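Trainee: Have a look at this one before I ask anything.
The values are calculated or read from the model by the stated rules, or taken from the named source; none is laboratory data. As the structure is a prediction and not an experimental result, all values here were calculated from the model. Methodologically, a virtual Cβ is constructed for each residue, glycine included, from the backbone with ideal geometry; neighbour enumeration extends over all protein chains shown. Just the protein is used for accessible areas: all its heavy atoms, side chains included, with ligands, DNA and RNA removed. Shrake-Rupley method; radii C 1.70, N 1.55, O 1.52, S 1.80 Å.
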Amino acid sequence: MKIFLGNPPWYREGLYFVRAGSRWPHFEEKGCTYMPFPFYMGHAAAMLEEAGHQVCVCDGVAEGISQDEYIRRAEEFGPDFVFQETSTPSIEEDLGVVKKMRDLLPEALYGMAGMHAPMQDKSFLAETPTVDVSFVGEYETTLVDIASLMDQGKKDFSSVEGLVCRDEEGNLHETGRRRMLANVDDYPWPARHHFPMDRYHDEPGDIPQPSVQMWASRGCPFHCNFCVWPQLMYANNQYRPRSPQCIVDEMEHLVKEWGYRSVYFDDDTFNIGKPRMLALAEEIQRRGLKVPWAAMCRADLMDRSLLEALKASGMAAVKYGIESADQQVVNDCGKALSIAKVRQTCQTTRELGIRMHLTFMFGLPGETRESAGRTKELALELDPHSAQFSIATPFIGSRYHEQLLETGHLRSENYGRFDGYRTTEVRTDELSSEDLEEIAADMHKSWREHTVRRGPQGPAVHQERHGVTVIVPHVANRDLLEECLASLEAQDTKPLEVLIVTNESPEHLADRFPSYRWVDAPERQGFSAAVNAGIREARGEFVALLNDDAVVGPNWLSELATALDKTAAAGFAASRVLDYSDRRKLQSAGDSVTLSGYAFSRGSGEEDGPRYNEKVFLFGASGCAAMYRYQMLEDLGLFDEDFENYLEDVDLSLRANLWGYRCLYVPMAIAYHRGGTTTGGMRHPDVVRRFGRNTVSLMVKDFPREVFRKHFLKIGGYLTFMVFYHLFWTRQGMAYIKGLKEGWDGRHNMLLKRKQVLGGMRVSPGEAYRMLWDGRKDLDEFKTTRLPRMLRAMNLG
């Protein structure tokens, strides 16, 4: 049988919906990387394959694809059975997807599972003719049974436990809840090869990437009234742990065979049973598995000796669910957690150097302004590495939902307003829905201000790094690449590794450069995506970037590495880039940008001379030949792949300066660059379009508010002037206008990134302003030498 397993995408402006894999389906802001792995789908895919069925998985949420593309993939596969996960907030949207698919694939049968309690009753199917089967609770084994019956030509599933179904005569059947698999070691590992594994992110404490999510158990013995999985997916409070040996087998496989650098255990509650936890820590150490890991835990089940053992086995971070600082609120929701014990455990966790992610919730029964205020105070007092603040969501089927109905505290069941962060239809005895929304907004604002004052805390685990990784993104022709690699081979100091990012077969080049490593280029196009793929594979302390249409002098690598090694204040270094064809001319002696948004290379087109012989701090480095501290990239983030090509290095330089990193110009590190060989030159319409788009993106994302306030007219004047410049000078005015429009249309995405960039800014607004003001000095020299006559009169500063 051909079985399609799907997680359909759903978006709102600036938001994406998280469903499969989440115990709390909700919207996240675009730009956020959080994405849970859909374990039920992963196990189901593995079990279906073991049973001999054809499986197609499409996690449209993780892939970020459109609804049309999601449906197209299902149609292309031609399934016999279409299975989708759903949830109460997304049910109407998901049923709309089913209807569209059914119009295209009328012969297939359709089933749904997930956190929507009404699906467990016959009335749901009676009112929903597009759905043939709804699953009750854990569905993997039930789905395999259905596929087996279909393989026998049967479409009556009324003999299968764990579902509500419609037989061939249209009669509805409830077959009851399936008995859960008691020994969870018997589940096969998730069929991760079917999933876009690079898209799943949950790295509490900034544990190293790439990171992978695992389950070490199923179930939870506690009775929180708001937690819907034990109430809906399990319908009990049984705790079913995996054996330590089984857990570490999978963990070891993922680290050694897949190359993951950390593991996050996304259990309902990970740390139940101290002897079991100690046995797991011992097994990890016995295997010599030195990999950092994190887990979702209860604070009151930890003590110092257990935390010390877990730390010794690699625990780098932990999630604790706190919910509220008010003991009565915590007691009334059924969590039975001592706030005094929380404080003690968090203090011990911090003392041991284990990072914490704490979760808090507003709007639980009994919430008042005073209790919410105490929660805010506790969150700031505990000062975790990261925190989540949500408004309680009453999922249908939970005791919390029933309680709200009984007390009249559920204003409506418009689940489109339950986004978890900003809006709600819940109230308490004292607080209205609007009050709760205001409290949540204030908490988010206070937390942002707190983290800005505190400053970023860097990676959770500092791995020992030495040497230089050189990354060469290959997009030019093979002859140019060969000359580039030959110049690296001739360096007086050998790099730790050279990574060539390409989709082409290395063939004879691999024979000539056997020590170099070939990294598959990502599907996404552009310089940024290519170098990021290399950076993620890098093992060096320093990361050097070199375009494949450039060659370097024999001491290029040693000059850059020595300069960074001896200059602690420098986070990255710029080369002296000369024109390949006319080596008396400069292409770049570092980058600069002005208050108007004009970005340029120092000395571009000038005769090379002594004025560029001094080693100095400057704004930024041209990405065609530069070196970066890996630690800076790990802290700051990599190149922005939305920029694709052009100004992506200026964006990184600007972010680095705002976060307190400085760029050192190293004049003796010389590179010779052809320029324009891979993109068609600076007058190519696509190049002009990208410059227009990325100029807008750069300013929206990175420019401090003070710059816009004081220089709004200057910015507008510059952009207007550039339209005329491209109309009359490059003859590509319409391409530039198109790029400006693309940049404006994409502003919402950049505004989300702006929060992260400026929210983490470590220099004062005055320093940020002066940094851009200093761009005028370079520009004044640049205007007198290289700019066309019509531009010299324009005040671009």
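Trainee: Only one of (1) touching an Asp or Glu at 6+ places or on another chain (Cβ under 9 Å); (2) open to solvent by 10 Å² or more (accessible area, probe 1.4 Å); (3) under 21 Å from Gln209 (Cβ atoms) is not met by Ser262, so which one is it?
Mentor: (2)
Yes/no matrix, rows are residues, columns are (1) open to solvent by less than 20 Å² (accessible area, probe 1.4 Å); (2) over 31 Å from the mean Cα position of the chain (by Cα); (3) of a type in the set (Phe, Trp, Tyr); (4) more than 25 Å from Glu49 (Cβ to Cβ):
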position: Val131; (1), (2), (3), (4): yes, yes, no, no
position: Val164; (1), (2), (3), (4): yes, yes, no, yes
position: Arg177; (1), (2), (3), (4): no, yes, no, yes
position: Leu181; (1), (2), (3), (4): no, yes, no, no
position: Ile207; (1), (2), (3), (4): yes, no, no, yes
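Trainee: Go through region 184-205 and count every residue that is open to solvent by 20 Å² or more (accessible area, probe 1.4 Å), within 15 Å of His43 (Cα to Cα) and either free of Cβ contacts under 8 Å to residues at least 12 places away in the same chain or in contact with a Ser or Thr (Cβ under 8 Å, 6 or more places away or on another chain) (or both).
Mentor: 3
Trainee: Could you please let me know if Arg276 is buried (at least 22 other Cβ atoms within 10 Å of the Cβ) and not polar (S, T, N, Q)?
Mentor: No, not satisfied.
Trainee: So for region 653-674 (the condition being polar (S, T, N, Q), in a helix (DSSP H, G or I) and modelled with pLDDT under 95), does at least one residue qualify?
Mentor: Yes; the residues of region 653-674 include at least one that is polar (S, T, N, Q), in a helix (DSSP H, G or I) and modelled with pLDDT under 95.
Trainee: Can you tell me which residue is least open to solvent (accessible area, probe 1.4 Å) among those in region 508-548 that are part of a loop (DSSP other than H, G, I, E, B), more than 19 Å from Leu485 (Cβ to Cβ) and touching a Phe, Trp or Tyr at 6+ places or on another chain (Cβ under 8 Å)?
Mentor: The extreme case among them is Gly526.
Trainee: From Arg583, Arg576, grab the single residue that is under 12 Å from Ala626 (Cβ atoms), basic (Lys, Arg) and open to solvent by 10 Å² or more (accessible area, probe 1.4 Å).
Mentor: Criteria check complete, one pass: Arg576.
So that you can scan it fast, the table gives a plain yes or no per residue for (1) closer than 17 Å to Glu140 by Cβ; (2) surrounded by 23 or more Cβ atoms within 10 Å (Cβ to Cβ); (3) over 14 Å from the mean Cα position of the chain (by Cα):
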{"residue": "Ile3", "(1), (2), (3)": "yes, yes, yes"}
{"residue": "Gly6", "(1), (2), (3)": "yes, yes, yes"}
{"residue": "Tyr11", "(1), (2), (3)": "no, no, yes"}
{"residue": "Leu15", "(1), (2), (3)": "no, no, no"}
{"residue": "Pro25", "(1), (2), (3)": "no, yes, yes"}
{"residue": "Glu28", "(1), (2), (3)": "no, no, no"}
{"residue": "Tyr34", "(1), (2), (3)": "no, no, no"}
{"residue": "Phe39", "(1), (2), (3)": "yes, no, yes"}
{"residue": "Ala46", "(1), (2), (3)": "yes, no, yes"}
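Trainee: Anything in region 549-568 that is closer than 30 Å to Ser262 by Cα and either assigned to a strand (DSSP E or B) or in contact (Cβ under 8 Å) with a residue 40 or more places away in the chain (or both)? List them, or say none.
Mentor: Ala561, Leu564
Trainee: Against the condition modelled with pLDDT under 95 and either in contact with a Phe, Trp or Tyr (Cβ under 7 Å, 6 or more places away or on another chain) or of a type outside the set (D, E, K, R) (or both), how does Thr141 come out, does it pass?
Mentor: Criteria not met by Thr141.
Trainee: Considering each residue of region 471-496, count those that are under 23 Å from Gly526 (Cβ atoms), open to solvent by 50 Å² or more (accessible area, probe 1.4 Å) and under 30 Å from the mean Cα position of the chain (by Cα), and give that number.
Mentor: Result for region 471-496: 1.
Trainee: Do any strands (runs of 3 or more DSSP E) lying entirely in region 149-261 carry at least 2 residues that are over 23 Å from Phe81 (Cα atoms) and of a type in the set (A, V, I, L, M, F, W, C), and which ones are they?
Mentor: Counting at least 2 such residues, we get 211-214.
Trainee: For region 50-60, does any single residue satisfy the condition of being free of Cβ contacts under 8 Å to residues at least 60 places away in the same chain and within 30 Å of Pro394 (Cα to Cα)?
Mentor: Within region 50-60 (the criterion being free of Cβ contacts under 8 Å to residues at least 60 places away in the same chain and within 30 Å of Pro394 (Cα to Cα)), the answer is yes, since at least one residue qualifies.
Trainee: Looking only at region 692-701, decide whether some residue is assigned to a helix (DSSP H, G or I), open to solvent by 70 Å² or more (accessible area, probe 1.4 Å), on the phi < 0 side of the Ramachandran plot and among the aliphatic types (A, V, I, L, M).
Mentor: So far as region 692-701 goes, no, none of its residues is assigned to a helix (DSSP H, G or I), open to solvent by 70 Å² or more (accessible area, probe 1.4 Å), on the phi < 0 side of the Ramachandran plot and among the aliphatic types (A, V, I, L, M).
Trainee: Do you know which residues across region 623-657 are on the phi > 0 side of the Ramachandran plot and more than 18 Å from the chain's Cα centre (by Cα)?
Mentor: Passing the criteria: Tyr646, Leu647.
Trainee: Find the residue count for region 685-720, including only residues that are of a type in the set (Gly, Ala, Ser) and within 28 Å of the chain's Cα centre (by Cα).
Mentor: 2
Trainee: Could you pull out the residue among Arg304, Arg287, Arg276 that is in contact (Cβ under 8 Å) with a residue 24 or more places away in the chain, within 22 Å of Phe39 (Cβ to Cβ) and not aromatic (Phe, Trp, Tyr)?
Mentor: Arg276
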